[in-house]
Amino acid sequence: MDVVVTGIGLWSAVGNLASSWQQLLANQSGIQLAQPFPDLPPLPMALRNSTPSLLTPLVIQGVEAALQDAQLTPPLPQMGVVVGSSRGCQGNLEHLRQQPQPTPWLENLPHQGAITAAQQLQTQGPVFSPMAACATGIWAIARGAELIRTGECQQVLAGGVEAPISPLTLAGFERMGALAKTGCYPFDQHREGLVLGEGVALLVLESLPSAQQRHAKIYGKIGGFGLTADGYHVSAPQLTGTSARLAIQHCLTRSQLNPTDIDYIHAHGTSTRLNDANEAKLISTLFPPDVAVSSTKAVTGHTLGASGAIGVAFSLMALQQQVLPPCVGLTHPEFPLNLVRDATAAQLNNALCFSFGFGGQNAVISVGSERE
C-alpha cells in the first residue's frame, strides 16, 4: 500500500516550514553565537528564541502546524502516533533539579513528546516513542509508514522533536571535542564539528486511498527504509562502514530502486571529521558520481533526534518544487561529491535521506515524487 505525506509541521531556528525552506534556498543560516548559560562559554547554536526551548511547547507547535497543513481537526481517534526524541525533557529536568519544591517529573517522562501529541490528537490509536540517537526521526517515520502498510492505521503522525540546549548536553559534547567553535561547514576542508540546534518535524502519513478520498494535497510518498546498528562503539562510527552500507542497500531493495534511480541524497552531514569522511566514502562507493548531495545542518543546526525528520521534510519539499537545496556553509569541498552549492532547478523523482547516530544507529529512508 502506498504511503503518502499530506501534512508537514516543522519549526527550526529559521522559522516554520515555509520560512525554513526559503532560508535554506537562500543559503541563510539560523546559527548564531550564544551564551544561554553564564557558567559555560559562548558557542555557535541554532536557537529558536533568545532562550532555549522546552520540548512540550515544541511538540504542540509541530502538531498544530502538521494538522493545519493536512487540513485535519481533532479529535482523530484512529490516528497513530510515532514521535521520538533523543534527549526528551532533559533540559527541563536539569532545571527542575535545582528547584526547592518537589518536581513535577510526571510531566517530563522520556516519551513526553509522544504523550503530548496523542493528547492533542485525542487518539486511541497506537502510540510509539522511538529513541535511536540521531537516527530517531527517520526510525519514527519508517515505523509510522509500517503502521499504514499493515492496515493498522490509515493516518499516522510521525517524526522527531529535540530541545537539546542544556548545560549537560553542551558540556558533554564539548568534553568529546565534537562542538564547532565558529560555525557549521558540512563536507568542507575546514569543518570544525557540529552545532546544536532546536527543532521539530512531524509528518502526517496517510494511505493513498485515504488521502484521495478526502482530496488531500500530497507532498510525496514514503518508500522503503533501512535500519541497522554497528554494534561497535558508543560514539565513533564503524570505520569500515559495513552496517551503514547495509542500511542503504536494504532501503534501496525495499524501495525497489537502484542507485542510479536516486536523484538527490540528503546527507547526515554533521560537519564532524569522522562522519563527513565516512559518509562521503559511502556515497562515492555506492552511487554514481553525478548524484546530487547536500546537508542542511548549517541552516538548522544539528537537531539530533529531530534531524532525520527535518531532512525528510526538506527532501519532500525538494521533490515537490523540483529544486535541489544547497549545502550551506560549504566553501572548500574536501570530497569528490556532487555537492549542491546553490539552489538549483532539477528533475527529481527519488531522494534518500541519511541519519547516522551515536551507538552506531544507521537509518536510511527513500521518498518519491507524486509526479511519478
* Structure fact -> Expected single match for over 23 Å from the mean Cα position of the chain (by Cα) and closer than 24 Å to residue 271 by Cβ among 75, 52, 36, 104 is 36
* Asked: If we keep just the residues of region 192-208 that are within 17 Å of residue 46 (Cα to Cα) and not in a strand (DSSP E or B), which is farthest from the chain's Cα centre (by Cα)?
  -> 192
* To do: Taking residue 370 as the residue in question, decide whether it is touching a residue at least 24 places away in the same chain (Cβ under 8 Å) and assigned to a helix (DSSP H, G or I).
  => no
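Rundown of residues vs (1) within 21 Å of residue 307 (Cβ to Cβ); (2) among the charged types (D, E, K, R); (3) outside the structural domain of residue 304 (by TED's automatic domain parsing); (4) at pLDDT 95 or above, yes/no style:
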{"residue": "105", "(1), (2), (3), (4)": "no, no, yes, no"}
{"residue": "115", "(1), (2), (3), (4)": "no, no, yes, yes"}
{"residue": "121", "(1), (2), (3), (4)": "no, no, yes, yes"}
{"residue": "148", "(1), (2), (3), (4)": "no, no, yes, yes"}
{"residue": "157", "(1), (2), (3), (4)": "yes, no, yes, yes"}
{"residue": "164", "(1), (2), (3), (4)": "yes, no, yes, yes"}
{"residue": "172", "(1), (2), (3), (4)": "yes, no, yes, no"}
{"residue": "198", "(1), (2), (3), (4)": "yes, yes, yes, yes"}
* Select from region 209-232 the residues that are at pLDDT 95 or above and part of a strand (DSSP E or B) and list them in ascending order. => 220, 221, 222, 223, 224, 225, 226, 227, 228
* **Hits in region 34-91 - residues which are charged (D, E, K, R) and touching a Pro at 6+ places or on another chain (Cβ under 8 Å)** => 39, 87
* Look through region 128-146, keep the residues that are surrounded by 24 or more Cβ atoms within 10 Å (Cβ to Cβ) and aliphatic (A, V, I, L, M), and return whichever of them is farthest from the chain's Cα centre (by Cα). => 145
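The values are calculated or read from the model by the stated rules, or taken from the named source; none is laboratory data. In this text the structure is predicted, and so the values were computed from the model without any measurement. We place every Cβ from the backbone using ideal geometry, glycine too, and count neighbours over all the protein chains shown.
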